[in-house]
Amino acid sequence: MRAAAASMPMGLRTGIFLLSFVGFGTKAGIVPFHLWLPKAHPIAPSPVSALMSAVMLKTAIYGFVRFTFDFLGGGPAWWGYVVLLAGAVTGLLGILYALTEHDMKRLLAYSSVENIGIIYLGLGAALVFMANNAPVWATVALVAALLHALNHSLFKSLLFLGAGAIADATHTLDIEMLGGLLKRMRVTGTVFLIGCCSIIGLPLFNGFVGEWMLFRSFVAGSELPGILSAIVLPLMAGVLALIGGIAAACFAKLYGIAFLGRPRSLDAERAAEVAASMQAAMALLAAACVVIGILPGIVLNPLTVLARELLHTPALPEAVLPIAHTLPWIAACVAVLAIAAAGIRRIKRTVPTWACGLPALNSRMQYSSAAFSKPLRKVFSRVYEADRTVEVLYTQQPYFPKSILYRSVRTTSFEKSLYRPAVDAVVGMASRLRRLQTGNMQVYLLYIFLAVIALLVFMRFA
């Protein structure tokens, strides 16, 4: 296949690239082909969701990399710009949709869309660097994409298994019905926090290294000779920073509302730690997130060799990836500070939270998930296009409301403008064709008779 692709005309190569981009992109969940993903995860068992996100989505990444970088050997720069645009839109919209979700698994599903977007940003940057004869930075961008794909497999599996543990203990995945779980599920709460820190790319966790390498490659794009690449690639650094900031807000909301504060339901109040086998599975993934975050060379070295073989590039200079040697020292300093902080905490006195003069705080006084995300939802209101209704019942108008019912239904713009009209058209056509199914045996015999006559006429004149 590789040898045949080398002798193909550019038009045919472009057709193969576009077909593989749409086909593998649909399986990976890039926007606007992502609609199936947030619908499939919530109805699947949590271990299945972990495998779907960790393995199945990555088979699409593998297929796209093999077709684009191996079989086709790269292409013109506009291929890379197409992939970059898809990655930017997918990453930004994925995390914006995740921010507003209250169902934990739907939130994690949209977060998978976001991370697929980050991976495509790296793949697009690698294609642009290849087209501009910058093999070193093309290798860095490709390694960053592959490393983030591996890291996403680890921390997203951890988070989905954590969601399963929460569902097992509380019988719900509605974030608004949780709260205070860290006091009742300390192991699950700790490993889930590691997953959240990893997915938002904090240093010393595995999500950091891949995103840092992406930033390095985007900034290096300003040195390319072409004016378009010198503008677009640094701009992608800003897009990646925006995605990371919104992701931090999203997972601060998820962890804070679910694990901190006070329980918001009886099930959350009665929650208990899950079985030891479930804890062990999550702890193993959490350990992998921390180890790769501190010692990224474990996976960076083989991924670099792989990327060099795909792109036929020379060895990378040591100055390109200095972070791999710096992180262990940073981790040692952080460990010393953590031990010191733990010692100080043991001698501190714990007092109840001040209730502003009230007898005691209760769960109704806490921030809700909707309130936490409200400021960002107002900033990006054009993205959500929510349908809101407010119903107020009064005992005496207009000052004494008896009850206020607020309902907000968010439908993504792609579903509303692209998929819903197509589905309605197919359903309408099926309804019209249904008239042919009368239930009358004589009519069905007539259909068979007409079909045989039509077949004989066709064979006569064929």
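Some points to look at:
- Proportion of all alpha-carbon pairs of the stretch 227-306 beyond 18 Å (%): 73 percent
- In a reduced charge model with +1 at each Lys and Arg Cβ and -1 at each Asp and Glu Cβ, the stretch 414-461 shows a dipole moment near 60 debye about its Cα centre.
- Across the chain, C-alpha contacts under 8 Å between residues 6 or more apart give a mean separation that, scaled by the residue count, equals a relative contact order of 15 percent.
- For the stretch 380-462, the relative contact order comes to 21 percent (Cα pairs under 8 Å, sequence separation of at least 6).
- HN-Hα J in Hz across the stretch 32-38 - Karplus 6.51, -1.76, 1.60, θ = phi - 60°, x for Gly and Pro: x, 9, 8, 4, 5, 5, x
- Summed over qualifying helices (DSSP H, 4 residues or more, each -39500 (n - 2.57)) and divided by its residue number, the chain shows a 222 nm mean residue ellipticity of -22000 deg cm²/dmol.
- The H on the amide N of T100, modeled in the peptide plane, is under 5 Å from the matching H of no residue at least 5 residues off or on a different chain.
- Extents of the chain, largest first, come to 96, 72, 47 Å (Cα atoms, principal axes, whole angstrom).
- Computed from point charges on the beta carbon alone (+1 for Lys and Arg, -1 for Asp and Glu), the dipole magnitude for the chain about its Cα centre is near 980 Debye.
- Packing order of peptides 233-241, 193-201, highest average first: 193-201, 233-241 (average count of other Cβ atoms within 10 Å over each peptide's residues).
- Protection proxy ranking, highest mean first, for peptides 160-167, 111-118: 111-118, 160-167, where packing is the per-residue count of other beta-carbon atoms within 10 Å, averaged.
- Kyte-Doolittle mean at least 0.0 and Cα axial length at least 27 Å: DSSP H helices in the chain: 77-99, 104-131, 135-170, 227-259, 323-347, 441-461
- Taking a point 7 Å from the Cα of M365 along the Cα-to-Cβ direction, the residues of the stretch 236-269 with backbone N closer than 16 Å to it are 261-264.
- Among 5-14, 369-378, sorting by the average number of other beta carbon atoms lying within 10 angstrom of each residue, highest first, gives 369-378, 5-14.
- Relative contact order of the stretch 1-121, pairs being alpha-carbon contacts under 8 Å that are 6 or more residues apart, as %: 32 percent
- Pairs over the 24 Å Cα-Cα cut-off, from the set K183/K378; K58/K416; K156/K378; K378/K416; K27/K416: K183/K378; K58/K416; K156/K378.
- Three principal axis lengths of the stretch 1-115 [C-alpha, angstrom, descending]: 51, 25, 15
- Listed residues G23, Y120, P47: farthest to the positive end of the dipole of the chain (Cβ charges): P47
Bear in mind these aren't lab numbers, they're just calculated from the coordinates by the rules spelled out. None of these values were measured; they are calculated from a predicted model. All Cβ positions, even for glycine, are placed from backbone atoms using ideal geometry, and neighbour counts span all protein chains on display.
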